[in-house]
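The values are calculated or read from the model by the stated rules, or taken from the named source; none is laboratory data. Quick caveat: nothing in here was measured; it's all calculated off a predicted structure. Note that we place each Cβ from the backbone using ideal geometry, even for glycine, and neighbour counts take in every protein chain shown. Please note that ligands, DNA and RNA were not included when accessible areas were found on the heavy atoms of the full protein model with its side chains. Shrake-Rupley method; radii C 1.70, N 1.55, O 1.52, S 1.80 Å.
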Amino acid sequence: MSDDAATTDQSSCRGASAFEAQSSRSLRDFIDTESMSAGLLVAAALVALVWANSPWSQSYVDLWHTELSIRFGSGGLTMDLHHWINDGLMVVFFFVIGLEVRKEFAIGELTDRSRVVVPLVAGTTGMLVPAAIFLALNPSGAESAGWGAVIGTDTAFLLGVMALVGPAVSTQLRIFLLTLTVIDDIVAVSVIGIVYSDDISAGALLVAAACLAVLVVLDRYAVWQAAPYVLVVVVLWVATLESGVHASIAGMVSGLLVPALDPRRSDVDAAATSFRAFRQSPMPGVQRVARRSLTRAISVNERLQEALHSPTSRVVVPLFALANAGVDLRDGVLGDALGSRLMWGIVLGLVVGKALGIFVGAWASVRLGWGRLPQGVGLGHTLAGGALSGIGFTVSLLIISLAFDSSRLQDEARVGVLLAAGLASLAGWLAFRFAARVLGQRDAALPTLLSRPVDEERDHVLGPVDAPLTLVEYLDYECPFCARVSGVGEELRAHFGDRLRYVTRHLPLPVHPHAELAALASEAAARQDRFWDMHAVLFAHQDELELEDLVGYAAQIGLDVERFMRDLDDDELARHVEHDVASAEESGVRGTPTFFIGDTRHIGPHDARTLIAALESAAVAR
């Protein structure tokens, strides 16, 4: 398989092996960045606390009140450093969240709406229950304005702590929690933008609305350059600042409007052609064309995420913690906080409310049949993940700075957020231990073993049935990736000879409208001992799989066409395909092509060299 094959379009049909390898690398990079961000965030918060309680505490206060101006002729912006961070840099943070949400709904986990139901319900109850607990303790007065501080979750902190106290393998749980925090973030930012905003300027709002309209137009016409989006977002940020609406909502909404697309085959092919031209003629003009075509092949959403995610997590979030976590606990502040209903409302809302709300929401939606948890994730995992979601740090501190004018109330609320972060981490650790030891729910990942062993009577086997090595492939006849690796089997058989048996199973994907009919056609051909002939023809004509095409292929390979057409309607063949699909689900298969070496799912590239190495390793291990 060529190096650029894995970058073609229709990534929705990428095999669990390739898809999980890529997703695992992306998720691993994401988690590594978030884990480092969590570490830097904790360090920055500790520095802020020590500094604010040291003999040099006044310098901490003075630093954040230092004014900084950006002037353009007679106009410009003037804010102190604290507001530049909270109203400026944090907009970049929320912009990145918006980009991630758009990507998840466009080409990520949330494209399958059935996967959204449980985290949607759990995320909603995970905000309502904490808010209810907080308001039960603070039903009126100035303190009641802080209810928004208990609805948010700090994703970076949550994932960083989970890497320390969670299961060794928790891919599926991380995806579930990321989906849940997407919903959490949308609501939290909406609350910040609507509830905690100042006097509204209609003129500035009109400019902001015009900027959003421009972003919609850029999205509609698939503008792929990043510069127009960035320019419009900067203007939108300034207009939102002037409007009185908190600028965080500008970041989130603008991120949602930046398009995320799978690489299109035409763009990837153009990039490959340009790159080959540069190899043959390494000149500046050719290099410029190649670079442009390579950039165009990746969506502007993903390019902006890659550029901003690391500096946002490693610089912006720690700076925010440094500017906002410095609570002077001297002169009775800590004692007052511990006796404050405001502080305990935040602690109980985040620590108890988040865990209870998320767990009950997940349990109820599963129990009522509205959806199901990701494969590999148990209710014990949701309890532990819900407990860790009580780490509200970044969003909570931001809302506190907006909700209270009184420095006393701000300090009491911040003590609650800091205490809740520690207690939520401890509660998460205890819940993970309980899930592992009492409920037997340890790792939270997809299965890796073949659920139904090879059956020579029903499976299609190429090679000696008693061969010592087995390669099982789940395939879709309309999947371009399956077609590209179809020649790999010949290389493997040439290398291993009679030591290898190659087995195929069906996994027609919903994104391919003709895949199921093609699978039935191959099984109908198998009734006349022509499975492998039809198998080859179907891959050779992936774009022509209508019923009349299949009938033509049946005649081409010498089948009894009338019998072939009768067999296509046979319910037994449909049950055969359904059996394969069920075995794929049970075995953790999420796309095509997916390979099993013996009874173990292969994770990684599926080129001939990699598969040969994996099979050789299996042979040594026997």
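What is the helix-to-structure angle for 300-311, meaning the angle in degrees between its Cα long axis and the longest Cα principal axis of the chain, kept from 0 to 90 and rounded to the nearest 10? Orientation of helix 300-311: about 50 degrees from the principal axis. Once C-alpha pairs closer than 8 Å and six or more residues apart are averaged by separation and normalised to the residue number of the chain, the relative contact order reads 22 percent. Here the dipole of the chain is about 1560 debye; that uses its Cα centre as origin and unit charges on the Cβ of Lys and Arg (positive) and Asp and Glu (negative). Think of each Lys and Arg Cβ as +1 and each Asp and Glu Cβ as -1; about the Cα centre, that makes the dipole of the stretch 351-448 roughly 380 debye. Taking the Kirkwood radius as Rh and the Cα radius of gyration as Rg, the stretch 149-247 has a ratio of Rg/Rh equal to 1.11.
Over the stretch 146-205, with every protein chain in place, what whole percent of the accessible area is carbon and sulfur at 1.4 Å, could you tell me? Don't skip to the end; give the middle numbers.
Values: 1200 of 1890 Å².
On the stretch 146-205, the fraction of accessible area on carbon and sulfur atoms equals 64 percent.
In percent, rounded to a whole number, the relative contact order of the stretch 333-466 is 33, using alpha-carbon pairs under 8 Å and six or more apart. Take every Cα-Cα pair in the stretch 286-344 and report what % of them are more than 17 Å apart. Everything past 17 Å amounts to 67 percent.
Could you tell me the ratio Rg/Rh of the stretch 136-200? Both radii from Cα atoms, Rh via Kirkwood. Present the calculation step by step, with values, prior to reporting the outcome.
Details: Rg = 15.7 Å, Rh = 14.0 Å.
We get a ratio of 1.12 for the stretch 136-200.
Taken about its Cα centre, the stretch 258-398 carries a charge dipole of roughly 720 debye when the Cβ of each Lys and Arg holds +1 and the Cβ of each Asp and Glu holds -1.
Tell me the carbon and sulfur percent of the accessible area for the stretch 376-420, rounded to whole percent, probe radius 1.4 Å. Don't skip to the answer; put the middle values down first.
Numbers: 480 of 960 Å².
Roughly 50 percent of what the probe reaches on the stretch 376-420 is carbon or sulfur.
For the stretch 530-605, the relative contact order is 17 percent, taking Cα pairs closer than 8 Å that sit 6 or more residues apart in sequence and dividing their mean separation by the residue count. A Förster radius of 35 Å, combined with the Cβ-Cβ distance separating residue 220 from residue 168, puts the computed FRET efficiency at roughly 0.20.
Placing a label point 7 Å from the Cα of residue 600 along the Cα-to-Cβ direction, the residues of the stretch 441-483 whose backbone N falls under 11 Å of that point are 449.
How do the peptides 60-72, 184-196 rank, highest first, by the average count of neighbouring beta carbon atoms within 10 Å per residue? Mind dumping the intermediate values first?
Values: 60-72: 11.7, 184-196: 19.6.
Put in order of decreasing packing, that is 184-196, 60-72.
Using the eigenvalues of the Cα gyration tensor, what equivalent ellipsoid semi-axes result for the stretch 531-622 when each is taken as the square root of five times the eigenvalue, whole Å, largest first? Walk me through the numbers on the way to the answer.
Numbers: eigenvalues 209, 59, 30 Å².
Over the Cα atoms of the stretch 531-622, the semi-axes work out to 32, 17, 12 Å.
Roughly speaking, what is the stretch gain from residue 310 to residue 582, that is 0.36 nm per residue apart minus the C-alpha to C-alpha distance, in nm to one decimal? Intermediate values should be presented prior to the final figure.
On the way: separation 272, 0.36 × 272 = 97.92 nm, distance 3.98 nm.
This chain segment gains 93.9 nm when fully extended.
Of all DSSP beta bridges in the chain, what percent run antiparallel (nearest 5)?
On the way: 16 of 23 bridges.
Close to 70 percent.
The calculated FRET efficiency for residue 269 paired with residue 132, based on their beta-carbon distance and R0 = 51 Å, is about 0.40. Decide, for the stretch 289-420, between rounded, prolate and oblate: order the square roots of the alpha carbon gyration tensor eigenvalues as a ≥ b ≥ c, take rounded if a/c falls under 1.5, and otherwise choose prolate if a/b is larger than b/c, else oblate. Oblate. Taking 0.36 nm per residue of separation and subtracting the Cα-Cα distance, full extension of the segment from residue 295 to residue 536 would add 83.2 nm.
Here's the picture: charge each Lys and Arg Cβ at +1 and each Asp and Glu Cβ at -1 in the stretch 530-622, and of 576, 613, 600 the one pushed furthest to the positive end of that dipole is 613. Rounded to the nearest angstrom and listed largest first, the equivalent-ellipsoid semi-axes of the stretch 478-523 from its Cα gyration tensor are 25, 12, 7. For the stretch 70-205, the fraction of C-alpha pairs more than 22 angstrom apart is 53%. With N set to the residue count of the chain, report its C-alpha Rg divided by 2.2 N^0.38 Å to two decimal places. The chain yields a ratio of 1.11.
What angle, in degrees between 0 and 90 and rounded to the nearest 10, separates the Cα long axis of helix 16-52 from the longest principal axis of the Cα atoms of the chain? In the chain, helix 16-52 runs at an angle near 10 degrees to the longest axis. Between the Cα long axis of helix 265-280 and the first principal axis of the chain there is an angle of about 90°, rounded to the nearest 10.
Applying 0.36 nm per residue to the separation of residue 72 and residue 280 and subtracting their alpha-carbon distance, the gain on full extension is 70.1 nm. Surface exposure of the chain, expressed per residue as accessible area with a 1.4 Å probe, stands at 44 Å². Max-minus-min Cα coordinates of the stretch 570-622 on each principal axis give 42, 22, 18 Å, with the largest extent listed first. Taking the average, over residues, of other Cβ atoms within 10 Å as the packing measure, peptides 146-153, 603-610 rank 146-153, 603-610 from highest down. Per-atom-type breakdown for the stretch 459-595 gives carbon and sulfur 46% of the accessible area (1.4 Å probe, protein chains only). Put simply, the Cα atoms of the stretch 448-583 extend 40, 28, 28 Å along their principal axes, the longest span coming first.
Under the simplified labelling scheme, the residue 438-residue 466 pair shows an inter-label distance of 5.3 nm, with each label point 7 Å from Cα along Cα→Cβ. If you bin all the Cα-Cα distances of the stretch 221-279 at 5 Å, starting from zero, the percentages per bin are 4, 15, 18, 16, 13, 11, 8, 7, 5, 3, 1.
Once you wrap a convex hull around the alpha carbon atoms of the stretch 209-314, what is its projected area averaged over all directions, in nm²?
Orientation-averaged projected area of the Cα hull: 8.2 nm².
Could you tell me which of rounded, prolate or oblate describes the stretch 377-512, using a ≥ b ≥ c as the square roots of the eigenvalues of the alpha-carbon gyration tensor, with rounded for a/c under 1.5 and, failing that, prolate when a/b is larger than b/c and oblate otherwise? Cα axes put the stretch 377-512 in the prolate bin.
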